[in-house]
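K.L.:
Let me begin by handing over the structure; questions about it come next.
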């Protein structure tokens, strides 16, 4: 005699519950991604001499330079400060994304799934 329920513990009802949970989690992840895209992160370098504002989509929306950091004889320092502020903004957006996904999955991104 064949087993009923396709071999899943608890039968098809349990499988349906798992599918509903997965669909709910997917909706939550899509909403979290949309909210993240709407956020802006501003970071600084050089004690505030350079600031970079980045969207949750990792698009730079604004760069502000203080006058004292604009030295035509030391372009390399300015380049380094812009790079440092930009890299910090990317790190912070990644961190926000990780926190958002962890809240939905119950653990590190990709972990804690109920199935």
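The values are calculated or read from the model by the stated rules, or taken from the named source; none is laboratory data. Nothing here was measured: the structure is a model prediction, and the numbers come from that model. Note that we place each Cβ from the backbone using ideal geometry, even for glycine, and neighbour counts take in every protein chain shown.
K.L.:
Looking only at residues that are in contact with a helix residue (DSSP H, G or I) (Cβ under 9 Å, 6 or more places away or on another chain) and assigned to a strand (DSSP E or B) in region 29-45, which one is surrounded by the fewest Cβ atoms within 10 Å (Cβ to Cβ)?
P.N.:
42
K.L.:
Conditions first: (1) in contact with a strand residue (DSSP E or B) (Cβ under 6 Å, 6 or more places away or on another chain); (2) within 14 Å of residue 84 (Cα to Cα). Residue 40 passes all but one, so which condition is the exception?
P.N.:
Condition (2) is where residue 40 drops out.
K.L.:
Inside region 46-82, can you point out the residues that are in a helix (DSSP H, G or I) and either within 30 Å of residue 97 (Cα to Cα) or under 26 Å from the mean Cα position of the chain (by Cα) (or both)?
P.N.:
78, 79, 80, 81, 82 - these are the residues of region 46-82 that are in a helix (DSSP H, G or I) and either within 30 Å of residue 97 (Cα to Cα) or under 26 Å from the mean Cα position of the chain (by Cα) (or both).
K.L.:
Just to be sure before I move on: is residue 69 in contact with a strand residue (DSSP E or B) (Cβ under 8 Å, 6 or more places away or on another chain), surrounded by 15 or more Cβ atoms within 10 Å (Cβ to Cβ), farther than 30 Å from residue 104 by Cα and modelled with pLDDT of 85 or more in the structure I sent?
P.N.:
Here the answer is yes, as residue 69 does meet what is asked.
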